[in-house]
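Structure, as structure tokens:
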Amino acid sequence: MRQELRAKTSNSIQAQLLQREGLSRFANWMFEQIAPFLSGTIWEAGCGMGTYTQLMLAAGCQQVLATDHDQHLLNVVHRRFAGIKRVRVFDLDLSREEEFKKLRGCAIETIVCLNVLEHLDDDLLVLRNMHSLLPSQGRLVLLVPAHPWLFNGIDEAVHHYRRYTRRELSAKLRQVDFHIRKLYFFNAPAILGWVVYGHLLRRRNVPETSVGLFDRIVPIFRWTERAILRGKLGISLIAVCER
């Protein structure tokens, strides 16, 4: 249910950016973070509208299993990739352990899970089941919202259960026996918008005009994070793990 509500009511900065047509500057910037770690058959756990599915195909990924639990989004993704054999689209409810049986025998080598784990009550159950699906040295590429102090009405509107500290995320990944290869913060500039609109103005969304401006100046943010911040500050955490 939480995953379904997530898609229908999502007003977060990142969700709004991805809802703007196609392969936005932000989507490309975010994809740059995960692209080096993709290999083999990829399970995209929470594919949304297929924005990253499309980028994976463009990057040469041979097989993508794109799942979600929102029927409206699944219909969109089915239409978007109709006739493309490299993509399989189907319903999967991450909150139910028995649903993971749908992936047995799929020979998954990489799991991509972006802005999904925070919508699920039992995140350890999800991580444990993901771990069980991977072969030795198979990878999980995970992105979650960071900093519990940032939690506000925008998080509530998009049905977040939590925002993560670096220590909490690291502990949970190790608890289910993942080996963490990289763990860093991403997208520092969005913190300002989250604080202004969520904390100061008590808004439950970010205006489209602000989202559009953010997307246009992503090249500046990309350079700043690469040259100066280097993963030390951001509104999200990215983890790259191996079994």
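The values are calculated or read from the model by the stated rules, or taken from the named source; none is laboratory data. Model, not experiment: these values are computed from the prediction. Counting neighbours? That spans all protein chains shown, and the Cβs are built from the backbone with ideal geometry, glycine included.
Annotations
- Qualifying residue in the stretch 143-152 (condition: more than 20 Å from T51 (Cβ to Cβ), without any contact (Cβ under 8 Å) to a residue 60 or more places away in the chain, out of contact with any helix residue (DSSP H, G or I) (no Cβ under 9 Å at 6 or more places or on another chain) and not charged (D, E, K, R)): yes
- Here R163 meets each of (1) within 16 Å of W149 (Cβ to Cβ); (2) modelled with pLDDT under 95; (3) of a type outside the set (A, V, I, L, M) with one exception, condition (2).
- Scanning the stretch 49-73 for residues that are within 27 Å of P189 (Cβ to Cβ), of a type in the set (G, A, S) and buried (at least 24 other Cβ atoms within 10 Å of the Cβ) yields a total of 1.
- Only one of the numbered conditions (1) more than 24 Å from L38 (Cα to Cα); (2) in contact (Cβ under 8 Å) with a residue 60 or more places away in the chain; (3) crowded, with 17+ Cβ neighbours inside 10 Å is not met by Y197, and that is (2).
- L229 meets the stated requirement of being surrounded by fewer than 19 Cβ atoms within 10 Å (Cβ to Cβ) and farther than 20 Å from F37 by Cα.
- Subset of the stretch 186-213 [modelled with pLDDT under 85 and not acidic (D, E)]: V206, P207, T209, S210, V211, G212, L213
- The residues of the stretch 220-243 that are in contact with a Leu (Cβ under 6 Å, 6 or more places away or on another chain) and either of a type in the set (K, R) or more than 25 Å from F151 (Cβ to Cβ) (or both) amount to a single one, R243.
- Residue in the stretch 114-137 that is closer than 17 Å to R243 by Cα, out of contact with any helix residue (DSSP H, G or I) (no Cβ under 7 Å at 6 or more places or on another chain) and buried (at least 21 other Cβ atoms within 10 Å of the Cβ) present: yes
- Tally of residues being small (G, A, S) and buried (at least 21 other Cβ atoms within 10 Å of the Cβ) across the stretch 101-113: 0
- If the condition is being within 15 Å of E99 (Cα to Cα) and of a type outside the set (D, E, K, R), then the stretch 109-131 contributes L120, L125, V126, L127, N129, M130, H131.
- Selection from the stretch 215-236 of residues that are in contact (Cβ under 8 Å) with a residue 60 or more places away in the chain and closer than 23 Å to R166 by Cα: F221, R222, G234, I235, S236
- Of the criteria (1) over 16 Å from the mean Cα position of the chain (by Cα); (2) on the phi > 0 side of the Ramachandran plot, which one G46 fails: (1)
- Selection count where residues are over 22 Å from L117 (Cβ atoms) and buried (at least 18 other Cβ atoms within 10 Å of the Cβ), scope the stretch 77-100: 2
- Output for the stretch 200-225, where each listed residue is hydrophobic (A, V, I, L, M, F, W, C), loosely packed, with under 15 Cβ neighbours inside 10 Å and under 21 Å from Q33 (Cα atoms): I217, I220, W223
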